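The values are calculated or read from the model by the stated rules, or taken from the named source; none is laboratory data. Quick caveat, the model's predicted, so the values are computed rather than measured. Virtual Cβ from ideal backbone geometry, glycine too; neighbours counted across all protein chains shown.
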Amino acid sequence: MLWMALLTGMKMNSLGGFGREYYLAYSLWATFMGRITTNWMYEFTMLEDIDSGRVNSILVRPISFYEYYLSQFLGYKLVTAGISFVLPIAACLVFHAPMHLERLPLMFMLLVVYLVFTHTLSFCIACMAFFMNRAQSLTGFKNLMLWVLAGEMIPLDLYPEPLRTWLIHSPFASGAYIPVGYVTGRFGHSLMLQSFVSVAVGILVMSAVARTLWALGMRSYSGTGA
Amino acid sequence: MSIVIETRELSRSYKTYRREEGGWNAFKGFFNRKTEVKTALKTTTLNIEHGQIVGLVGANGAGKTTLLKILSGLIYPSGGEALVLGFKPYERKSEFLRQISILLGQKAQLWWDLPAADSFGLLTSIYSLDPQQAKRDWLGLAEKLNCVDQLHVQLRRLSLGERMKMEIIGSLLHRPKILFLDEPTIGLDVLAQKTIRTFLNSYVEEHKPTIILTSHYMDDISTLADRLLLISQGAIVYDGAMEDFITHAEKNLNLDIKSEETDFEAVIHKFFEKESRRSQTRRPQPN
């Protein structure tokens, strides 16, 4: 609606080289991707577990805290995404917005990989509960940053250089901009393949950070609540 | 008898922060935090053999739970080392965690929103147990604890006593070699306490795990334990067989322990009073 209003108010049919229908499709799909890839609930749960000492019940069992919540997060998000996919598909069909249905499976695969990246970021935030009170305050900041960096609100094409190029090559663009561009037909397979690589690198880097934070946190942990 | 738990000069200190109340003092705390180091466990050297049931007794804050937390791998020690079944517990290796279990009284470790049977199914996967054998095991344990009817009720809807029974089943499902029981009967009524003690007695006879048991109820200790560790202000002040403690206390405290007027709990109480007086007389007096 925002983009429609902008184009109407400026009496233009296109902005930045993109027409009304593209902005409509972008808004629908980017919002969908943003809701699916955001992690509030399980991040808060991990934070609370460490803060309150509920993590003890996981520490004494042969399971990893990271994997335990990854399986819950993926299970929840994949069911949610599977059901929610209907909405942007239906809206694009009704409003004749650009969409390539045959590209949905690859987009879904990128979504799954990106969810692992999101969870790893959340795990790093959760580890801050070992060192500070009310680490939940970092969640809002992190999600707002991802909202901007993924291009959820504004397509990355409208960002200035060199920020635009840097973001397109970062894992963050796989949170909305690249998969949305792919399913609306703007990008080809090569950029999607590049996204898989950049998200994989992002997972490796954040996993290393997560391991370090977890090890430091466990050193300082006092077994709260036990 | 092989030694399954050994510690060498194991110790643990906690760093805590102090600040005065109020917003201004909270702000000052960003720049100038006063820290205190509290020694929860002084250098402790222990050897515990396979099959022993060790009663760990001490006042609140004495260091009992700190010792259990180090031996179960929840926290790192500040000094010394511990080996449990040949593993350093704080490394938390899977092979180690599959062989131990810790039961924390009044702390739920099963899943709050799930019926106990579902939690046991989840534990079956976590510990890679044979599903059919695990089901037979938990049904068998539930029959002994007389709680079969509650297996399919959400944990949150059970009474404290019923929840503790489910927690016990959950902690024994993978047949651990070492059990850490931290006040397993706390908050339970007399009948529930007796049921759990009787059950643990029969379980120990059948499976012969090594157990470290902490409790403020001396009936738990006297019924189950064959070795007693008394801990006071972070230090082990007595380590020996239950029978030897009674003789030791009889000589030390000049009490006729076998008299019907004196019970085990009263002896422990007198022992701690005496230890407290001794430590005060050893402290240098101010000029």
Could you look through the stretch A:35-45, keep only residues that are touching a Leu at 6+ places or on another chain (Cβ under 8 Å) and assigned to a helix (DSSP H, G or I), and pick out the one that is surrounded by the most Cβ atoms within 10 Å (Cβ to Cβ)?
A:37
Filtering the stretch A:186-218 down to residues that are of a type in the set (Val, Ile, Thr) and within 16 Å of residue A:112 (Cβ to Cβ) yields A:197, A:199, A:203
Matching residues in the stretch B:77-106 (free of Cβ contacts under 8 Å to residues at least 40 places away in the same chain, within 11 Å of another protein chain (Cβ to nearest Cβ) and in contact with a helix residue (DSSP H, G or I) (Cβ under 9 Å, 6 or more places away or on another chain)) number 5
Would you please name the residue that is farthest from the other protein chains (Cβ to nearest Cβ), looking only at residues in the stretch B:113-136 that are in a loop (DSSP other than H, G, I, E, B) and of a type in the set (Asp, Glu)?
B:130
Is it true that residue A:135 is in a loop (DSSP other than H, G, I, E, B), closer than 24 Å to residue A:222 by Cα and more than 14 Å from every other protein chain (Cβ to nearest Cβ)?
yes
Taking the stretch B:44-53 and the residues there that are of a type in the set (Val, Ile, Thr) and in contact (Cβ under 8 Å) with a residue 40 or more places away in the chain, the one that is nearest to residue B:211 (Cα to Cα) would be B:53
What's the number of the condition residue A:97 fails, among (1) modelled with pLDDT of 90 or more; (2) in contact with a Phe, Trp or Tyr (Cβ under 9 Å, 6 or more places away or on another chain)?
(1)
Those helices (runs of 4 or more DSSP H) completely within the stretch A:159-226 that have 2 or more residues that are touching a residue at least 24 places away in the same chain (Cβ under 8 Å) and within 14 Å of chain B (Cβ to nearest Cβ) are A:189-220
Among B:68, B:110, B:41, which is within 14 Å of another protein chain (Cβ to nearest Cβ), at pLDDT below 95, at negative phi and assigned to a strand (DSSP E or B)?
B:41
Give the residues of the stretch B:185-199 that are more than 12 Å from residue B:219 (Cβ to Cβ) and of a type outside the set (Val, Ile, Thr), sorted by residue number.
B:187, B:189, B:191, B:192, B:199
Can you tell which of B:51, B:73 is touching a strand residue (DSSP E or B) at 6+ places or on another chain (Cβ under 9 Å), within 12 Å of chain A (Cβ to nearest Cβ) and part of a loop (DSSP other than H, G, I, E, B)?
B:73
Hits in the stretch B:154-185 - residues which are surrounded by fewer than 18 Cβ atoms within 10 Å (Cβ to Cβ), out of contact with any Leu (no Cβ under 7 Å at 6 or more places or on another chain) and within 23 Å of residue B:216 (Cβ to Cβ)
B:159
